[in-house]
1. Taking N as the number of residues in region 92-236, what is its alpha-carbon radius of gyration divided by 2.2 N^0.38 Å?
2. What do you get for Rg/Rh over region 171-287 if you use C-alpha atoms and the Kirkwood form of Rh?
3. By per-residue mean of other Cβ atoms within 10 Å, what is the highest-first order of 180-186, 228-234, 201-207, 134-140?
4. Work through the residues other than residue 205 whose Cβ is under 14 Å from its Cβ and net out their charges, Lys, Arg +1 and Asp, Glu -1.
Amino acid sequence: MNQRDPLIHLFAGGCGGTVGAILTCPLEVVKTRLQSSSVTLYIPEVHLSTINGARVSRVARVSPGPLHCLKAIYFAAYSSSKEKLNAVLEPDSSQVHMVSAGVAGFTAITATNPIWLIKTRLQLEARDRGERRMNAFECVRRVYHSDGIRGFYRGMSASYAGISETVIHFVIYESIKQKLVQSKTSSNMDPEEDSVKYASDFIALMLAAATSKTCATSIAYPHEVIRTRLREEGTKYRSFFQTFSLVISEEGYRSLYRGLITHLVRQIPNTAIMMATYELVVYLLDG
């Protein structure tokens, strides 16, 4: 494998993750709120007077920034794993895609869990009107003071369970992608035309990504709710299975799918944009 290839996939993954996040970020906050154990809505122009004074919960608005480029780690790990496994197993087989997606998911989760924990805490922050919003550095100090280093890895077990979603997504995506390539090859008489990509090719990849992500998310969604619960501050949730059983016993099975529609509304276009941007950048840089 060319030493330049991992850098191309790293850069392309960063571009894809950033573009997708910028366009769909507002729904990320709504989704996290719905997954939380306490859902509170904030209406900016309404003041409710109570005996103890007005108290509202404000949604922390987390703008997409350089941190979203960390999705590049996933794409770099996935492409590198696939390249190595193709030399051992049947090239571009379902087994290769499954193992590559699993390795990439494990790598990305282990490396970035503290960052996503801080992001979730900021999105779930509740405070009195007029109180200054907590920033990321203050949140880091707060987590360390209350739970130590281990606190930054809360919810990681649920994230590992979520690797199943990633595996399903990439197996379906790569399968559709292969069929698209085969269809294009059979319809083109000129071999040189096979390597040329048009706008319709990227639209087809967007549809492939949307389809695969919808299937994967619908199957594996409960881990998202459990992960959010584990990342909440000062809650009764301690471990993956304890949270899973507690949520079901207290709120029923339907609670495991809280926020699913919002999640799909965000994830489908985000994944479609991200994958198409990734494929486009790889195509442009790789010649």
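Just so it is clear, none of the values below were taken in a lab; they were calculated from the coordinates. As the structure is a computational prediction, the values presented were derived from the model and not from experiment. We place every Cβ from the backbone using ideal geometry, glycine too, and count neighbours over all the protein chains shown.
1. 1.42
2. Rg/Rh for region 171-287 comes to 1.17.
3. The packing order, highest mean first, is 228-234, 201-207, 134-140, 180-186.
4. +2
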